[in-house]
Amino acid sequence: MTIKNIAVIGAGTMGNGIAHVFAQNDFLVNLLDVSQDQLDKAIVTIKKNLERQLAKNAISEEVKNKTIGNITTFTSLKEGVDTSDLVVEAATENIDLKLKIFKEIDEFAPQNCILASNTSSISITKIASVTKRPQKVIGMHFMNPVPIMKLVEIINGYSTHKNVSETIVNLSRQIGKIPCEVNDYPGFVANRILMPMINEAIYALYENVAGVQEIDTVMKLGMAHPMGPLQLADFIGLDVCLSILNVLYDGFGNPKYAPCPLLVNMVNAGNLGIKTGEGFYKYMSGIKELIVSEMFI
């Protein structure tokens, strides 16, 4: 299956990163969002990240210009996907929203088009069930920041065809990523392991075992983690962490996945991490940009 034209739905952090990587590797990318303002911000972000790569001699000026030239923005889903070989959905981690989007993609995308979701925890089988092509639905879980992180978790749904899996695995290698195939169970592999660790770190804080910096320091210096679990939770978004933990808890019915009450309270209070300026740490204006810049070293 030949893939050349790719549509990416959602121009947020993950969506603009996915569009960046495909465009940099000579694919024609339609970047879609309901908000033109969000699309404009996404292009600015992609240009900044390309400038960082250029400053580090990771790419040439020609590659930078070619990458931007390969991206076209759309606010209309129908127009954005109607010539696509692959659609990658990177919308908010909300099951109702994703099901709505996949119904619409299925209606407007060409019959041979593969439909992929960047979901970090929601069932690919469930998503595929609202389409007329469940055999062509698959998960492509990129890691943040997408231009730097090598892993793509490839999730096969119950009906995903072997040829579709092989195509997406090969495509991931084409864009310089390392694909790992997994099966469709709550949290897949990455978040089934990561989120309980983050949740346990929050419990350690909640039960006054240690403070925020002490917990993160132990994990960084003792376990060689590049970022402590509480800082990582802020970076991911505490609302996203809570959503994934709820998927694990509902999917397995096991109390070990129950979100810590402190996490629930922080989300209810609107302290979601970097994106709101406060989570387990407080972030002054401009700190978010600094953290993202450091991730591009």
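Look at segment 98-115: where a residue is modelled with pLDDT of 95 or more and a partner is assigned to a helix (DSSP H, G or I) and aromatic (Phe, Trp, Tyr), sitting 6+ places away or on another chain with Cβ atoms under 8 Å, you get 115/102. If the condition is being within 18 Å of residue 126 (Cα to Cα), among the β-branched types (Val, Ile, Thr) and surrounded by 21 or more Cβ atoms within 10 Å (Cβ to Cβ), then segment 157-193 contributes 160, 164.
A residue that is within 20 Å of the chain's Cα centre (by Cα) and without any contact (Cβ under 8 Å) to a residue 24 or more places away in the chain can be found somewhere in segment 48-61.
Would you say residue 248 is crowded, with 21+ Cβ neighbours inside 10 Å, in a helix (DSSP H, G or I) and at pLDDT 95 or above? Yes: the conditions hold for residue 248. Residue count for segment 149-172 satisfying the condition of being part of a strand (DSSP E or B) and among the β-branched types (Val, Ile, Thr): 3. If you go through segment 253-273 and pick out every residue that is surrounded by fewer than 20 Cβ atoms within 10 Å (Cβ to Cβ), more than 12 Å from residue 195 (Cβ to Cβ) and touching a residue at least 12 places away in the same chain (Cβ under 8 Å), you end up with 4.
Between 148, 154, the distinction of being surrounded by fewer than 19 Cβ atoms within 10 Å (Cβ to Cβ), within 30 Å of residue 231 (Cβ to Cβ) and either touching a Lys or Arg at 6+ places or on another chain (Cβ under 6 Å) or not assigned by TED's automatic domain parsing to the domain that holds residue 248 (or both) belongs to 148 only. For segment 171-204, filtered to residues that are more than 16 Å from the chain's Cα centre (by Cα) and among the aromatic types (Phe, Trp, Tyr), the residue that is nearest to residue 115 (Cα to Cα) is 185.
Of all residues in segment 121-139, those that are buried (at least 22 other Cβ atoms within 10 Å of the Cβ) and free of Cβ contacts under 8 Å to residues at least 60 places away in the same chain total 6.
Filtering segment 141-164 for residues that are touching a Leu at 6+ places or on another chain (Cβ under 6 Å), over 18 Å from residue 257 (Cα atoms) and not hydroxyl-bearing (Ser, Thr, Tyr) leaves a non-empty set.
Among the residues of segment 21-39, are any among the aromatic types (Phe, Trp, Tyr) and closer than 23 Å to residue 98 by Cα? Spell out the reasoning first.
At the first step, the residues of segment 21-39 found to be among the aromatic types (Phe, Trp, Tyr) are 22, 27.
Narrowing the set further to residues that are closer than 23 Å to residue 98 by Cα leaves 22.
Within segment 21-39, one or more residues are among the aromatic types (Phe, Trp, Tyr) and closer than 23 Å to residue 98 by Cα.
Can you tell me which residue is nearest to residue 117 (Cα to Cα) among those in segment 18-30 that are out of contact with any Phe, Trp or Tyr (no Cβ under 7 Å at 6 or more places or on another chain) and crowded, with 20+ Cβ neighbours inside 10 Å? By that ranking, first place goes to 19.
The values are calculated or read from the model by the stated rules, or taken from the named source; none is laboratory data. This is a predicted model, so every value here is computed, not measured. Cβ: placed from backbone, ideal geometry, glycine included. Neighbour counts: every protein chain shown.
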